Amino acid sequence: MVFGRIFNRPEPVFRPTAAFASAGTATSAVDISQIGPRMVAVVVPSGWTPGADLILQGSASGMNWTTLCNTANVTLRLSGLSAISAPRAVPFAAEAMTLGMFNHIRLLSVSAGNDGLIQQTSGRTVTFLLGG
């Protein structure tokens, strides 16, 4: 059972949405300041921009962003998304639970070969699945 940070009450999975603007490379920020560390998955829509992966970023203020990496300093990413033909929930590695140490999260659209930014070909909305 997962308990809320403030009220110490059980909470279900938190499902906020975030949007990529057309030709955008970052989603809108999502406030997670009240929920603490959680497992992270993202519901990715079909028709994803070819060659674009997703990486997670966290921020204390919603202004300065930090890219999440594992202990080997490898960026946490979701790959192979252009093959998705229907919306699908795709989990990040367990290290993504460190996102709970931030107040805000967002996704970046990056090249499958590196962390260079890739513009989304149209506006897209993703749903975060944050659960314990």
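The values are calculated or read from the model by the stated rules, or taken from the named source; none is laboratory data. Small disclaimer: the values here were computed from a predicted structure and weren't measured. Cβ atoms come from the backbone with ideal geometry, glycine included; neighbour counts cover every protein chain shown.
Candidates in region 79-117 are the residues that are in contact with an Asp or Glu (Cβ under 9 Å, 6 or more places away or on another chain) and within 18 Å of Ala29 (Cα to Cα); of these, the one that is surrounded by the fewest Cβ atoms within 10 Å (Cβ to Cβ) is Asn103. All of (1) within 25 Å of Ser122 (Cα to Cα); (2) modelled with pLDDT under 90; (3) surrounded by 16 or more Cβ atoms within 10 Å (Cβ to Cβ); (4) of a type in the set (A, V, I, L, M) hold for Ile35 with one exception: (1).
Put simply, of Thr71, Thr67, Thr125 the only residue that is closer than 17 Å to Ala29 by Cβ, exposed (fewer than 14 other Cβ atoms within 10 Å of the Cβ) and β-branched (Val, Ile, Thr) is Thr125. Within region 95-116, residues that are among the basic types (Lys, Arg) have Cβ atoms under 6 Å from residues that are assigned to a strand (DSSP E or B) in these pairs: Arg106/Ala26; Arg106/Gln57, counting only partners at least 6 apart in sequence or on another chain. Scanning region 15-28 for residues that are part of a strand (DSSP E or B) and surrounded by 15 or more Cβ atoms within 10 Å (Cβ to Cβ) returns Ala18, Phe20, Ala26.
Could you tell me how many of the residues in region 64-80 are over 15 Å from Asn114 (Cα atoms) and modelled with pLDDT under 90? If you could, list the steps in order and put the result at the bottom.
So in region 64-80, the residues over 15 Å from Asn114 (Cα atoms) come out as 64-66, 70-72.
Next cut, modelled with pLDDT under 90 only: 70-72.
Residues flagged as over 15 Å from Asn114 (Cα atoms) and modelled with pLDDT under 90 within region 64-80 amount to 3.
What's the total number of residues in region 10-58 that are closer than 14 Å to Gln119 by Cβ and in contact with a helix residue (DSSP H, G or I) (Cβ under 6 Å, 6 or more places away or on another chain)? Number satisfying all stated conditions: 2. The residues on offer are Thr25, Thr98, and the sole one that is in contact with a Leu (Cβ under 7 Å, 6 or more places away or on another chain), modelled with pLDDT under 85 and over 16 Å from Phe14 (Cβ atoms) is Thr98. Looking at this structure, is Ala41 touching a Pro at 6+ places or on another chain (Cβ under 7 Å), of a type in the set (A, V, I, L, M, F, W, C) and buried (at least 18 other Cβ atoms within 10 Å of the Cβ)? Answer is yes for this residue.
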